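Quick notes on the structure that follows.
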Amino acid sequence: MADETSPLSSVAVLGTGIMGAAMARNLAAAGLQVRAWNRTRGRAEPLAGDGVTVAHEAAEAVRGADAVLTVLTDGPAALEVMRAAAPGAAEGTPWIQAGTVGPEGLVPLAEFAQEHGLRLLDAPVLGTREPAEAGELTVLVSGPSALEARVAPVLDAIGARTRWLGEEPGAASRLKLVLNNWVLTLINGTAETLALAEGLGVDPRDVLGAVAGGPLDVPYLHAKARLILEGAYEASFPLSGARKDADLISRAAEKAGVRLDATPALAERLRRAEAQGHGADDAAASFFASFTSSDHGRGDARGAS
């Protein structure tokens with residue numbers, strides 16, 4: 001078993017979607033030896049040009065790695081992949097679980113880690129495509145603080161800030177759901193507001209201009225409004241992932257005895273947009289859920305004169 005206080009030099013990245021690919025590149029750029037695996041190998045192969053070794057199997061990726069970083073869709077996906085990867089992992093290997101899985105989704109992961117002698121760090125990240133690519137994520141971590149120095153090279157490479165939240169996994173996932181509830185509120189508020197503007201014949205540029213620089217202004221409003229106005233929905237935060245998170249938040253709130261009205265409704269709104277074919281688009285495409293046709297409003301929202 002490796003010394004928990006010695007910084008690591010190699011890491012396996014399991015899951016190379018929007019976030020995982022960016023993290024793998026930044027880890028390699030920081031001088032770490034990186035082996036990556038993705039269920040669809042073609043999505044991982046471009047990382048070879050960034051100095052990342054692409055593995056055929058998850059167990060191959062983790063074999064000999066000082067740490068494992070999972071960046072997968074949800075808890076069940078993370079558990080399935082780690083079941084395949086575990087035969088290659090040495091006892092005591094830190095497992096940095098960076099997906100948004102929610103408190104319930106983390107429970108079977110923690111049990112699996114204990115059964116297989118892995119050191120689980122609950123480490124979801126705050127940020128989307130651009131901060132991930134820039135290595136400027138905020139990493140929320142709960143788990144054994146004795147691992148802090150050892151995993152610092154990984155966390156420093158993928159994020160600009162790391163917040164340690166306690167010794168037991170779970171605290172970070174709870175905070176991540178609270179923060180994502182706010183993120184989803186901003187995205188949906190922008191999408192519905194611009195849809196309402198279109199319906200009432202209001203120029204969306206007047207909406208943005210009226211709040212610019214005032215107490216109602218936030219950068220996220222302009223970032224998501226720009227996608228809608230340009231009709232360009234390249235995913236920074238995919239709509240299907242936003243719907244998954246809205247479901248996680250709704251279930252966690254219900255279990256905690258907290259009544260949420262907006263978030264369960266938002267989950268249904270995102271489901272409508274998914275049914276219209278926007279699941280892989282940015283979550284700002286929830287704009288289309290305001291209309292009966294997925295193409296309705298695509299031109300008008302770009303700005304009336």
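The values are calculated or read from the model by the stated rules, or taken from the named source; none is laboratory data. Bear in mind the structure is a predicted one, so any value in this text is a computation, not a measurement. Ideal geometry is used to build each Cβ from the backbone, glycine not excepted, and the neighbour counts take in all protein chains shown. Heavy atoms of the whole protein, side chains included, go into the accessibility calculation; ligands, DNA and RNA do not. Shrake-Rupley method; radii C 1.70, N 1.55, O 1.52, S 1.80 Å.
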(message) If you split all Cα-Cα distances of the range 154-305 into 5 Å bins from zero, what percentages do you get per bin, shortest first?
(response) 2, 9, 17, 19, 17, 15, 10, 6, 3, 1, 0, 0
(message) Apply the Karplus curve 6.51 cos²θ - 1.76 cosθ + 1.60, θ = phi - 60°, to the phi angles in the range 267-276 and return the couplings in whole Hz, x for Gly and Pro.
(response) 4, 5, 4, 5, 4, 4, 5, 4, 5, 7
(request) Would you kindly find the accessible area of Thr93, with a 1.4 Å probe and non-protein molecules such as ligands, DNA and RNA excluded, rounding to the nearest 10 Å²? (result) 10
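When all alpha-carbon pairs of the range 1-146 are counted, what percent fall beyond 17 Å?
56
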(request) Express in whole angstrom the spacing between the alpha-carbon centres of the range 228-245 and the range 8-67. (result) 25
(request) Compute the relative contact order of the range 173-305 as a whole-number percentage, counting only Cα pairs closer than 8 Å that sit 6 or more residues apart in sequence. (result) 37
(request) Kindly write out, for the range 32-38 in residue order, the coupling ³J(HN,Hα) from the Karplus curve 6.51 cos²θ - 1.76 cosθ + 1.60 (θ = phi - 60°), rounded to whole Hz, with x marking Gly and Pro. (result) 7, 7, 10, 10, 10, 9, 9
(request) Please state, as a whole number in µm²/s, the translational diffusion coefficient that the Stokes-Einstein equation yields for the range 51-133 at 4 °C and 1.567 mPa s, with Rh defined as the Kirkwood radius across alpha carbon pairs. (result) 99
(message) If a paramagnetic tag sat 7 Å from the Cα of Glu168 along the Cα-Cβ line, which residues of the range 249-271 would have the backbone N under 19 Å from that point?
(response) 252-253, 255-257
(request) Enumerate the aspartates and glutamates that Lys244 could reach by cross-link, defined here as Cα to Cα under 19 Å, with residues fewer than 8 away along the same chain left out. (result) Asp74, Glu80, Glu104, Asp122, Glu234, Glu254, Asp261, Glu268, Glu274, Asp281, Asp282
(request) Find the accessible area per residue for the range 5-91; the probe is 1.4 Å, ligands and nucleic acids are left out, and the unit is Å². (result) 42
(message) Let me check against my output: what whole-number percent is the relative contact order of the chain, with C-alpha pairs under 8 Å and at least 6 apart?
(response) 15
(request) Could you bin all the Cα-Cα distances of the chain into 10 Å bins starting at 0 and give me the percent of pairs in each, rounded to whole numbers? (result) 6, 27, 32, 21, 11, 3, 0
(message) Please list, in order along the range 281-288, the HN-Hα scalar couplings obtained from phi with the Karplus expression 6.51 cos²θ - 1.76 cosθ + 1.60 (θ = phi - 60°), rounded to whole Hz, x for Gly and Pro.
(response) 6, 4, 4, 4, 5, 4, 3, 6
(message) Tell me the carbon and sulfur percent of the accessible area for the range 58-203, rounded to whole percent, probe radius 1.4 Å.
(response) 51
(request) Within the range 72-137, list the GluC sites (Glu not before Pro) lying in a DSSP loop whose Cβ has at most 10 other Cβ atoms in a 10 Å radius. (result) Glu91
(request) List every residue whose amide H lies under 5 Å from the amide H of Leu121, counting only residues 5 or more places away in sequence or on a different chain, with H placed 1.01 Å from N in the peptide plane. (result) Trp95, Ile96, Gln97
(message) Working only with C-alpha atoms, what are the Rg and Dmax values of the range 18-61, expressed in angstrom?
(response) 9.3, 26
(request) At a 1.4 Å probe radius, which order do Asp74, Asp247, Asp261 fall into by accessible area, largest first? (result) Asp261, Asp74, Asp247
(request) May I ask for the angle, rounded to the nearest 10°, between helix 219-230 and the longest principal axis of the chain, with both axes built from Cα atoms and the value confined to 0 to 90°? (result) 60
